Amino acid sequence: LNVPQAGKFYRLKGISGNYIDASSIYNNANATTGQMSMKSASECNYKGTIFYLDENNHLVNYATGTCVKETREIGAVGDAAGEWSFAESPRKGAGKYALTCTTTNNNGAHLHDSDGNRADRCSNICGDRHDFTLEEVTELPVSICSTGFGTLYAPVALTLPEGMKAYTGTVSQEKGEYVLTLHEVKEAIPAGTGVILQSETKNKDYEFEITPSTASS
């Protein structure tokens, strides 16, 4: 069994063939939590289907920066006190997983694909609706706005795509004024390093390849 590893990004596909998408509940600018949805590959927000498994076994959504705090809702990372466990499904064999969270208690501990449109929770084992396929993500999508600039911080090292430059910065004080000095990053952005991005093309989505040697902790 290829056990999920902390420090990697995954997409979670249910028995319906749809993916868990955490981004849809944030269409309301005032929303701070809510139930995740299941959407087809053509209907989902791709960024919303990407989750980072951190060193505490918390699933952090790439699009929203929020954490799966129970088996169907996301919220602030600090709300997720429990850890996720991944077990091989006895029904579908290798590559299929059942997901359980320790924060849910009697509200339902197991994540399941509810009728193909909602990510729900259940206290019992509900057949193959608990079977999820984990797809490892090896490239992260990054959007560049109309100015040709952007910012990026990732917990993994990323290889710079063609047509993209990245800079770190240091701040110094000269004659009573603060001065920002940029330092160009070559080839790969180190893990845990905030950078300013500069693109040759504006209003474009780039794919940043996760550097294999540092993709896991």
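The values are calculated or read from the model by the stated rules, or taken from the named source; none is laboratory data. Predicted model, so just to flag it, every value in this text is computed and none were measured. Cβ atoms come from the backbone with ideal geometry, glycine included; neighbour counts cover every protein chain shown. Note: areas computed on protein heavy atoms with side chains; ligands, DNA, RNA excluded. Shrake-Rupley method; radii C 1.70, N 1.55, O 1.52, S 1.80 Å.
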statement: Within the range 175-208, residues being open to solvent by 50 Å² or more (accessible area, probe 1.4 Å) and under 19 Å from Ser146 (Cα atoms) number 9
query: If you take the residues in the range 1-55 that are modelled with pLDDT of 85 or more, among the β-branched types (Val, Ile, Thr) and part of a loop (DSSP other than H, G, I, E, B), which one is most open to solvent (accessible area, probe 1.4 Å)?
result: Ile15
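I'm trying to understand the selection: among the residues of the range 155-174, which are open to solvent by 90 Å² or more (accessible area, probe 1.4 Å) and over 30 Å from Ile50 (Cα atoms)? Reasoning before the result, please.
Step one: list which residues in the range 155-174 are open to solvent by 90 Å² or more (accessible area, probe 1.4 Å), which gives 162, 165, 171, 173-174.
Correct list: Val171, Gln173, Glu174.
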- prompt: Quick one: in the range 117-137, which of the residues that are of a type in the set (A, V, I, L, M) and within 21 Å of Thr100 (Cβ to Cβ) is surrounded by the most Cβ atoms within 10 Å (Cβ to Cβ)?
  reply: Ala119
- prompt: Out of curiosity, is Leu140 part of a strand (DSSP E or B), more than 24 Å from the chain's Cα centre (by Cα) and surrounded by 14 or more Cβ atoms within 10 Å (Cβ to Cβ)?
  reply: no
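Out of Ser146, Ser114, which single residue is surrounded by fewer than 14 Cβ atoms within 10 Å (Cβ to Cβ) and more than 19 Å from Thr211 (Cα to Cα)?
Details: Ser114 fails: surrounded by fewer than 14 Cβ atoms within 10 Å (Cβ to Cβ).
None of the others qualify; the one that does is Ser146.
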